[in-house]
């Protein structure tokens, strides 16, 4: 199997590439634009593997993508390339619409042109997996879960851009017959995550003695999925999923944001006690909430479990401790990322 991965230098993408190369018989072409959140450190060991190739490329550049597709002749595509941080989308939506929507449209057309020229059996075996988010469904109250057939109701520019890209992928299936799959996942966490996201942000700030910002009163609820479990789910979907279908991928680990931050503080207190504060929780500060902040996400992932046999292997507590340990053991990685492409400045305030 020859799998082309877009966005394979991102947080989830690096985990996917590592998993794919670990599987016998799978060749990988990783195409990434190397935007601010990309990082090749997580896959530098793959460069010596003959079944792995990396190429720089922008999914909005049709000629470049077409050339790479023709060079590699994939039997499948896993499309991960996207702008993903909600706060950045609030400040400036243009890059999100350009990458997530125009880029997906360009990529779909390139893949469609390639697929149409395959033999009939190769066409039947081919698949295009679009990786999306539960944020396309909007916000839940105290009860209920998002199902695959829940109507889309995005509330941020990022979520709207991903909802639009989902619609594009489905349209290319219905109009042109391109064999596609869509996944919608809950919040990912794990090693190598860019420090603007909540868990690495809290870890990094705590270790530097900075305040630990919690939006609003910290009552918003997210379901957390360990990135390794997400990567395994994507492999299962690409191998066994029914064309034209979508699959929700969840961790089954809902937490209020404030409770999650306190849990991180407890782990850090035990593993790396501070000499300045009795507990890192003393650094928690409540800050102005994100505009349109969705209250709760939770996905019903019974479909992927029943139909494809996937289930998460990592309990939340075990995955969270492993994540904290990784950041403690790799402080130089965090320092390098912050020096190169990260600012502590607050983003996502629509009135600023």
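A few comments on the model shown:
- Among the candidates 264, 260, residue that is buried (at least 20 other Cβ atoms within 10 Å of the Cβ), in contact (Cβ under 8 Å) with a residue 24 or more places away in the chain, in contact with a helix residue (DSSP H, G or I) (Cβ under 6 Å, 6 or more places away or on another chain) and within 22 Å of residue 325 (Cβ to Cβ): 264
- Checking the stated criteria, residue 7 turns out to be closer than 22 Å to residue 230 by Cβ, in contact with a helix residue (DSSP H, G or I) (Cβ under 6 Å, 6 or more places away or on another chain) and crowded, with 16+ Cβ neighbours inside 10 Å.
- Scope segment 305-334; condition more than 28 Å from residue 39 (Cβ to Cβ), in contact (Cβ under 8 Å) with a residue 12 or more places away in the chain and part of a helix (DSSP H, G or I); matching residues: 307, 308
- A single entry from 107, 20 fulfils the requirement of being closer than 28 Å to residue 122 by Cβ, crowded, with 23+ Cβ neighbours inside 10 Å and out of contact with any strand residue (DSSP E or B) (no Cβ under 6 Å at 6 or more places or on another chain): 107.
- Qualifying residues in segment 169-194 (those that are under 24 Å from residue 95 (Cβ atoms) and over 19 Å from the mean Cα position of the chain (by Cα)) - the one surrounded by the most Cβ atoms within 10 Å (Cβ to Cβ): 172
- Residue ID - surrounded by the fewest Cβ atoms within 10 Å (Cβ to Cβ), chosen from residues in segment 28-67 that are without any contact (Cβ under 8 Å) to a residue 40 or more places away in the chain and part of a strand (DSSP E or B): 56
- For segment 270-282, the criterion of being in a helix (DSSP H, G or I), over 21 Å from residue 147 (Cα atoms) and free of Cβ contacts under 8 Å to residues at least 12 places away in the same chain is met by at least one residue.
- A count restricted to segment 235-254 and to residues that are over 19 Å from the mean Cα position of the chain (by Cα) and either surrounded by fewer than 19 Cβ atoms within 10 Å (Cβ to Cβ) or part of a strand (DSSP E or B) (or both) stands at 6.
- Selection of segment 68-86 for residues being assigned to a helix (DSSP H, G or I) and surrounded by 17 or more Cβ atoms within 10 Å (Cβ to Cβ) yields 68, 69, 72, 86.
- For segment 269-299, a residue qualifies if it is under 25 Å from the mean Cα position of the chain (by Cα) and surrounded by 15 or more Cβ atoms within 10 Å (Cβ to Cβ), and the qualifying residues are 289, 290, 292, 293, 294, 296, 297, 298, 299.
Here's the yes/no breakdown for (1) at pLDDT below 95; (2) surrounded by 14 or more Cβ atoms within 10 Å (Cβ to Cβ); (3) in contact with a helix residue (DSSP H, G or I) (Cβ under 6 Å, 6 or more places away or on another chain); (4) farther than 24 Å from residue 7 by Cα:
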residue	(1), (2), (3), (4)
114	no, yes, yes, no
118	no, yes, no, yes
126	no, yes, yes, no
129	no, yes, yes, no
135	no, yes, yes, no
139	no, yes, no, yes
146	no, yes, yes, yes
154	no, yes, yes, no
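The values are calculated or read from the model by the stated rules, or taken from the named source; none is laboratory data. Values in this document were obtained by computation on a predicted structure and should not be read as measured data. Glycine gets a Cβ as well: all are built from the backbone with ideal geometry, and neighbour counts include every protein chain shown.
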